[in-house]
Amino acid sequence: MADLKRLPDELQLATAQHVRYIQSLDTRKDEYDYWLTEHLRLNGLYWGLTALHLLRHPNALPREETINFVLSCQHESGGFGAAPGHDAHMLYTVSAVQILALVDAFDELEKRGTGKLKVAQFMAGLQDREKGTFAGDEWGEEDTRFLYGALNALSLLDMLHLVDVDKAVNHVVACANFDGGYGVNPGDESHSGQIFTCVAALTIAKRQDLIDKDRLAGWLSERQLPNGGLNGRPEKKEDVCYSWWVLSSLSMIGRTHWIDREKLIDFILRSQDTVDGGISDRPGNMVDVWHTLFGLTGLSLLGYPGLDEIDPVYCLPKSTVERVLGKSM
Amino acid sequence: MDNHGIARVARTARTEEQRQQDLDKIQKYKQLDDAIRDKTSRHAYDDPTLFPLTSKLLRLNPEYYTIWNVRRRCLTSGLLSRPSAGSWPSTASPSTSPSATTNPSSAVSSSSSSAAIPPNPASLTTGKSGTTADVESAVDSTDADSEILRSELAFTVPLLLEFPKCYWIWKYRKWILEQAILRLPRPLASNVWEGELALVYKMLVKDRRNFHAWGYRRYLVARLESADLLGRSLVEDEFAYTTKMIRGDLSNFSAWHNRSRLMFRLLDERGADDEARAAFLDTELNLVQEALNVGPEDQSLWYYHRYLISQVIGSKGMPTITPNLTDGRKISYLEQECEFIRDLLQDFPDIKWPYEALLEYALALRKLRPGIKGEEQEDDPNFWLGKLRKLDAMQTGRWNDVERDIERQLADSII
């Protein structure tokens, strides 16, 4: 902690340390925490691999092993669990699709998996056709996170036609609040994480016209605190992950210039562990791969040198999204 | 993997002894996990030894969502009675029940097959199946079900207190509650559900902003109000609850937010006419003014103030709590609130929030009085924008855009 107080202004991105940190994550099997977090394994692979792509070390994890692991998490239903033996759920299915997009391996789904149609049908089957909402799995629980995940992965698979996009859009609109933000469900308080999911879902559905952009951007830019970090809701503490949720939302509606970008860069850099790699929620705390990714995606959106560009809608490198969606630069 | 607020320690800090302790813990954890997987791979959900194993593992790791699913399958594979023609009436399938959202293709998945028991159509129309024996057995199974469901709720309480932000625990609890609707007579089910309000109360005392707990509360209330349970409105109680929360902590934005969402129904159910609505608005403005006098730096209060003013002004296609205010009344409300805020500035000249409100309200006033620009500097939005630029340089990019927008509106004679 004492060291942090004299961190130099010219603090650099610790690229090599971050790469080593991410590579080390699957070698920690002698740590209890490794086993307690097995329910996040597939998400963790997506977070780590995306971070490595942004750091321009896309091959730092072996491609073949990555694909093998992803496919080992698939169920006959087409859905994916967090790890082999874990039940299928929307959250892991989206991560699986994102990882396969990253390593350009959708064809492996046909060769060795259930085929992409079944993956898409698993997600489409979780939509409530009356309300437009999405559940996470067969046990219910609806959340705009799942709705966004479905639109994200289905559009990457070119299978959006399997769901009722208009009804999904109507539901997102019902989650809007007076402050321009969105909540988990209609009536819920605006929260930056849910705002990201709702704005991205509306962007995928090509319905940004339904967003009160100035009001929303005002609320989002008021998330920045004097130390440069962003919080997720009024009167809460700053956290590096909001560098993604808030900033990606601002980026999608063209207003990242509404906050102090230099101060945010400084806050994220100060949250790095420059010795062992990784980024934490705020300076001086324990790092994890989730905050590492969202610190890096934040820096990427801020145009920090040495990082590849992130797509604010899909949370994948721009180059990946352009390849998959068939757009050219 | 998702560390929040945990201080960083050097990775080399673990001694050999600690490493060994970790290895022991891992071994025990994996043995438990393996024992469960062994049974679930054989679909032995009715194996009486499986259920207690899930309790053990979930106490170690409530984030292990698959184990919650195993626990559900144990309950529906024998521990709970099967809802039948003899079970209690349920008026509708709950919106969050698995049957409403089940993936049609999930049946082919080995580990996600079986699962939910849809409400039996026969139970929708009758609560009785005829014979006394059936009724008695229904009563017996109801007692057993009631006990199991209550014990499931009790099981999750210490876990929720320790992991208040774990989605899977909240989700499991909701599932148990929906089972109560499916399996228990309505008064008993209502009783179980009402007990939940006490839990959520406790959770919100512990963390007044926990959005899981607030969302859970809204879910509870909506279901309690439905014909499946109490079948009556709780809006007055809920509104009173937000008052209580606000009195305890003025900066509880979650409570202010809930208040703002409740007031539409509150006024409708009170049958409030225009006069009553205006009186309600006055009371709310007074409440937030009182709070602002104490905490002018509090964003939550300013959002609520701006929310109330948005109700005064109204916007196209959006409902407001005071739909029939004349432009004259709107103007006088705005002037009154601007005056209050300018008074506040005498004591607190360096806080940015009042200036943001004054900028917004000055623009609104101009729109309401086309052609009348006002002589005073406080009628000029750019005057307040200048203050904001000085007090909040971090948002300079925003203020530049706002300035351009004001110029455009002036050029187009919108303001």
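Could you check the stretch A:71-83 and list, in sequence order, the residues that are more than 10 Å from every other protein chain (Cβ to nearest Cβ) and assigned to a loop (DSSP other than H, G, I, E, B)? Passing the criteria: only A:C73. Has the stretch B:21-32 got any residue that is under 22 Å from A:L42 (Cβ atoms) and either surrounded by fewer than 16 Cβ atoms within 10 Å (Cβ to Cβ) or among the aromatic types (F, W, Y) (or both)? Yes, some residue in the stretch B:21-32 is under 22 Å from A:L42 (Cβ atoms) and either surrounded by fewer than 16 Cβ atoms within 10 Å (Cβ to Cβ) or among the aromatic types (F, W, Y) (or both).
Within the bounds of the stretch A:292-311, is there any residue that is assigned to a helix (DSSP H, G or I), more than 9 Å from every other protein chain (Cβ to nearest Cβ), surrounded by fewer than 21 Cβ atoms within 10 Å (Cβ to Cβ) and under 20 Å from the mean Cα position of the chain (by Cα)? Within the stretch A:292-311, none of the residues are assigned to a helix (DSSP H, G or I), more than 9 Å from every other protein chain (Cβ to nearest Cβ), surrounded by fewer than 21 Cβ atoms within 10 Å (Cβ to Cβ) and under 20 Å from the mean Cα position of the chain (by Cα).
So, in the stretch B:357-415, exactly how many residues are in contact (Cβ under 8 Å) with a residue 24 or more places away in the chain and out of contact with any His (no Cβ under 9 Å at 6 or more places or on another chain)? Residues in the stretch B:357-415 being in contact (Cβ under 8 Å) with a residue 24 or more places away in the chain and out of contact with any His (no Cβ under 9 Å at 6 or more places or on another chain): 28 in total.
Of everything in the stretch B:34-77, what is assigned to a helix (DSSP H, G or I), within 33 Å of the chain's Cα centre (by Cα) and without any contact (Cβ under 8 Å) to a residue 40 or more places away in the chain? Give them in sequence order.
B:F51, B:P52, B:L53, B:T54, B:K56, B:L57, B:L60, B:I67, B:V70, B:C74, B:S77
On the stretch given as the stretch A:265-279, residues that are over 19 Å from the mean Cα position of the chain (by Cα), crowded, with 23+ Cβ neighbours inside 10 Å and among the aliphatic types (A, V, I, L, M) total 0.
Taken over the stretch A:40-69, the criterion of being free of Cβ contacts under 8 Å to residues at least 24 places away in the same chain and over 19 Å from A:S319 (Cβ atoms) is satisfied by A:P62, A:E64, A:E65, A:N68.
Residue pairs whose Cβ atoms lie under 6 Å apart, separated by 6 or more positions or on different chains, with the first residue in the stretch A:178-189 and within 7 Å of chain B (Cβ to nearest Cβ) and the second assigned to a loop (DSSP other than H, G, I, E, B), are A:D179/A:S190; A:V184/A:D143; A:E189/A:G183. Can you name the residue in the stretch B:8-17 that is facing another protein chain (nearest Cβ under 10 Å) and assigned to a helix (DSSP H, G or I) and, of all such residues, is nearest to the chain's Cα centre (by Cα)? This residue is B:R11. When each of B:V312, B:V402 is tested for being buried (at least 16 other Cβ atoms within 10 Å of the Cβ), modelled with pLDDT of 95 or more and under 28 Å from B:M263 (Cβ atoms), the lone residue that passes is B:V312. Considering the conditions (1) more than 15 Å from B:D392 (Cα to Cα); (2) assigned to a loop (DSSP other than H, G, I, E, B), A:N227 is excluded by exactly one of them, (1).
Can you tell me which of (1) over 22 Å from B:Q299 (Cβ atoms); (2) at pLDDT below 95; (3) not hydroxyl-bearing (S, T, Y) is the one B:P381 doesn't meet? Result: B:P381 fails condition (1) only. Within the stretch A:102-141, the only residue that satisfies the criterion of being within 16 Å of A:C73 (Cβ to Cβ) and in contact with a strand residue (DSSP E or B) (Cβ under 6 Å, 6 or more places away or on another chain) is A:G113. Scanning the stretch A:122-139 for residues that are facing another protein chain (nearest Cβ under 7 Å), closer than 18 Å to A:K167 by Cβ and within 22 Å of the chain's Cα centre (by Cα) turns up A:L126, A:A135.
Count of the stretch B:219-258 residues, restricted to those that are under 20 Å from B:R208 (Cα atoms) and in contact with a Phe, Trp or Tyr (Cβ under 7 Å, 6 or more places away or on another chain), is 6.
Of the residues B:R259, B:R232, the single one that is under 21 Å from A:N177 (Cα atoms) and out of contact with any strand residue (DSSP E or B) (no Cβ under 8 Å at 6 or more places or on another chain) is B:R259.
B:V192 meets all of the listed conditions (1) of a type outside the set (S, T, N, Q); (2) part of a helix (DSSP H, G or I); (3) within 14 Å of chain A (Cβ to nearest Cβ) but one, namely (3). Conditions: (1) closer than 22 Å to A:G181 by Cβ; (2) touching a strand residue (DSSP E or B) at 6+ places or on another chain (Cβ under 8 Å); (3) more than 11 Å from chain B (Cβ to nearest Cβ). A:L264 meets all but one. Number of the miss? Result: A:L264 passes all but (3).
Based on what the data block shows, is A:D158 touching a residue at least 40 places away in the same chain (Cβ under 8 Å) and assigned to a loop (DSSP other than H, G, I, E, B)? Against the criterion (touching a residue at least 40 places away in the same chain (Cβ under 8 Å) and assigned to a loop (DSSP other than H, G, I, E, B)), A:D158 does not qualify. Scanning the stretch B:271-305 for residues being in a helix (DSSP H, G or I), of a type in the set (G, A, S) and farther than 16 Å from B:A255 by Cβ gives a total of 3. Could you check how many residues of the stretch A:205-222 are more than 10 Å from chain B (Cβ to nearest Cβ), free of Cβ contacts under 8 Å to residues at least 40 places away in the same chain and either part of a loop (DSSP other than H, G, I, E, B) or farther than 12 Å from A:M252 by Cβ (or both)? Number of matching residues: 3.
In the list B:S315, B:S332, B:S413, which residue meets the criterion of being of a type outside the set (A, V, I, L, M) and either within 12 Å of chain A (Cβ to nearest Cβ) or under 34 Å from the mean Cα position of the chain (by Cα) (or both)?
Only one candidate passes the filter, namely B:S315.
Of the set (1) surrounded by fewer than 18 Cβ atoms within 10 Å (Cβ to Cβ); (2) within 21 Å of the chain's Cα centre (by Cα), all apply to A:E64 but (2).
Which of the residues spanning the stretch A:276-329 are touching a residue at least 12 places away in the same chain (Cβ under 8 Å) and touching a Pro at 6+ places or on another chain (Cβ under 9 Å)? Matches in the stretch A:276-329: A:T297, A:S300, A:L301, A:D308, A:I310, A:P317.
Residue-by-condition table, conditions (1) under 21 Å from B:R261 (Cα atoms); (2) of a type outside the set (S, T, Y); (3) in contact with a Pro (Cβ under 8 Å, 6 or more places away or on another chain):
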{"site": "B:T283", "(1), (2), (3)": "yes, no, no"}
{"site": "B:Q289", "(1), (2), (3)": "yes, yes, no"}
{"site": "B:V294", "(1), (2), (3)": "no, yes, no"}
{"site": "B:Y307", "(1), (2), (3)": "yes, no, no"}
{"site": "B:P323", "(1), (2), (3)": "yes, yes, no"}
{"site": "B:L334", "(1), (2), (3)": "no, yes, no"}
{"site": "B:F348", "(1), (2), (3)": "no, yes, yes"}
{"site": "B:A362", "(1), (2), (3)": "no, yes, yes"}
{"site": "B:R366", "(1), (2), (3)": "no, yes, yes"}
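Here A:V246 meets each of (1) assigned to a helix (DSSP H, G or I); (2) out of contact with any strand residue (DSSP E or B) (no Cβ under 7 Å at 6 or more places or on another chain); (3) more than 23 Å from A:L102 (Cβ to Cβ) with one exception, condition (2).
Say whether the condition of being free of Cβ contacts under 8 Å to residues at least 12 places away in the same chain, within 10 Å of chain B (Cβ to nearest Cβ) and of a type outside the set (D, E) is met by at least one residue in the stretch A:96-116. Within the stretch A:96-116 (the criterion being free of Cβ contacts under 8 Å to residues at least 12 places away in the same chain, within 10 Å of chain B (Cβ to nearest Cβ) and of a type outside the set (D, E)), the answer is no, since none of the residues qualifies.
The values are calculated or read from the model by the stated rules, or taken from the named source; none is laboratory data. Note that the structure is predicted; figures quoted are calculated from it, not measured. We place every Cβ from the backbone using ideal geometry, glycine too, and count neighbours over all the protein chains shown.
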